[in-house]
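Working notes, structure below.
The values are calculated or read from the model by the stated rules, or taken from the named source; none is laboratory data. The structure presented is a predicted model; accordingly, all values stated were derived computationally and were not measured. Here the Cβ positions follow ideal geometry from the backbone for every residue, glycine too, while neighbour counts run over all protein chains shown. Just the protein is used for accessible areas: all its heavy atoms, side chains included, with ligands, DNA and RNA removed. Shrake-Rupley method; radii C 1.70, N 1.55, O 1.52, S 1.80 Å.
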Amino acid sequence: FLAERKTSLGKDWHSACLRCEKCSKTLTPGSHAEHEGKPYCNQPCYAALFGPGGFGRGGAESYVYKK
């Protein structure tokens, strides 16, 4: 486990366990967003869930998730 450990959001993660809370895409430390202590991929999940609404959200306008 020590060789595969990734540290992100103040916790240690197994490399396969650091995943987007919404779409389950595998993430790497420092290249994802966080909301309420949970990891999200930057595009499209975080932008669609927590970004500004309306047209033209940086390419995430086609993704609409129910919160």
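Mind giving me the nanometre distance, one decimal, between the label points for Glu4 and Cys23, set 7 Å out from Cα along Cα→Cβ?
My value for the distance between the label points is 2.4 nm.
Ordering Ser15, Ser24 from largest to smallest accessible area (1.4 angstrom probe), what's the sequence?
Per-residue accessible area, sorted high to low, gives Ser24, Ser15.
Using 0.36 nm per residue, how much length does the chain from Asp12 to Lys38 gain when fully extended, once their Cα-Cα distance is taken away?
8.1 nm
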